[in-house]
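*Asks:* Please find one structure pasted underneath; my questions will follow.
Bear in mind that the values in this text are calculations on the coordinates, not laboratory data. Quick caveat: nothing in here was measured; it's all calculated off a predicted structure. So basically every Cβ, Gly included, is an ideal-geometry build from the backbone, and we count neighbours across all protein chains shown.
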């Protein structure tokens, strides 16, 4: 039998939380859901992770941990597995009726029309309709557009025949995660969390629970849609600023100005927040969050959020600009890009993670293939794997040997001490295009390398 927290006095709620007598289910144990589940288990709560990926579930239960690119993850995983406070399941029907709190950490990708796809959440919502019964608390950690919780998700859980009633049979709240891939365990212990709910009496319970697990500040929101709006705003703010600096970099290249010199000097002003140019914006958050906001605005007024639309257009153009820089570099030797051999270094959407969701590298690879370019790829997080239809080389030297040019797309730490001089001897021509800002243009040009870099005008 589950515990109906909403029917208890505050003192009794706190007692149950402190005694770890509450059972937790986490639906969706991917990059965010699994670390979340492990944190609840480490805090002493019996926790069950649910996922349709049978291979992942078996892997976890066998004691093998995924997310090997996440610092500190191995320690908490081993600790929790050893304590037997956590296990994984594929059967949601078996888990939910026996749990008091259900966390939803499910993907919200875009479809091919750039419209947010909430199928996973709505499918689970329909499942919950037949599984909830005793005032369980459902907490959405997934990032969604404002109003989705109050409308579509609430309707899917209550059912078309309204056989469940929010506030009685179950309670719905949000606590959107704010962790960055590659820093998840660190961010969980540092970043404040937002909490909103359909019915106000649940919000303090959620706050108390999360405070007990993570020890961070819980910021109360007046409702779910406001909490979701805060999460989207923080990420879309970055998207817009990256778009701005990318467009500036295009201008500065033509004006003969180095973008990085401008940024470093601009940082001396107390309220300037630095953002840096790059080959585009990827990952499961920023592009998706921008389209979530655009989808919301479309329902109200298509003329709203034009600045978000413009930022998206600029950031989506950047892979083509990388190709333009490469073509320009080839023309310096009176050569053409067609039928050449090009090496790509780094395909992850951001440094130091094993993740290629909406990665700019995918579009760059596609554009190169359209020009009949022979590709060689190296990424330290994908050695010997096949990604985007290409086998990843085992080393930089293997990838560079026999190439006509190198493009550094992702600024992995492994490339911090990148010595192009050492490996360029094995290349046909010493051409380098840098999308990361890691390479000093003056130093490398002095070695006779044909260099191009995003935003590197005048150098």
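*Asks:* Of everything in the range 315-337, what is surrounded by 21 or more Cβ atoms within 10 Å (Cβ to Cβ) and under 23 Å from residue 109 (Cβ atoms)? Give them in sequence order.
*Replies:* Selection gives 315, 318, 319.
*Asks:* Right, next: If you take the residues of the range 436-459 that are touching a strand residue (DSSP E or B) at 6+ places or on another chain (Cβ under 8 Å) and not in a loop (DSSP other than H, G, I, E, B), which of them is surrounded by the most Cβ atoms within 10 Å (Cβ to Cβ)?
*Replies:* Filtering first and then ranking leaves 453.
*Asks:* Right, here's the next one. Within the range 364-389, how many residues are under 14 Å from residue 348 (Cβ atoms) and either out of contact with any strand residue (DSSP E or B) (no Cβ under 6 Å at 6 or more places or on another chain) or surrounded by fewer than 20 Cβ atoms within 10 Å (Cβ to Cβ) (or both)?
*Replies:* Summing the residues that are under 14 Å from residue 348 (Cβ atoms) and either out of contact with any strand residue (DSSP E or B) (no Cβ under 6 Å at 6 or more places or on another chain) or surrounded by fewer than 20 Cβ atoms within 10 Å (Cβ to Cβ) (or both) in the range 364-389 gives 10.
*Asks:* Still on this model: State whether the residues of the range 263-284 include one that is over 26 Å from the mean Cα position of the chain (by Cα) and either crowded, with 22+ Cβ neighbours inside 10 Å or over 30 Å from residue 457 (Cα atoms) (or both).
*Replies:* no
*Asks:* Looking at the range 176-189 only, could you name the residues that are on the phi < 0 side of the Ramachandran plot and out of contact with any helix residue (DSSP H, G or I) (no Cβ under 9 Å at 6 or more places or on another chain)?
*Replies:* Across the range 176-189, the qualifying residues are 181, 183, 186, 187.
*Asks:* Follow-up question, since we're still on this one. What is the residue count in the range 395-421 for residues that are touching a residue at least 12 places away in the same chain (Cβ under 8 Å), in a loop (DSSP other than H, G, I, E, B) and over 19 Å from residue 352 (Cβ atoms)?
*Replies:* Looking only at that region, the number is 4.
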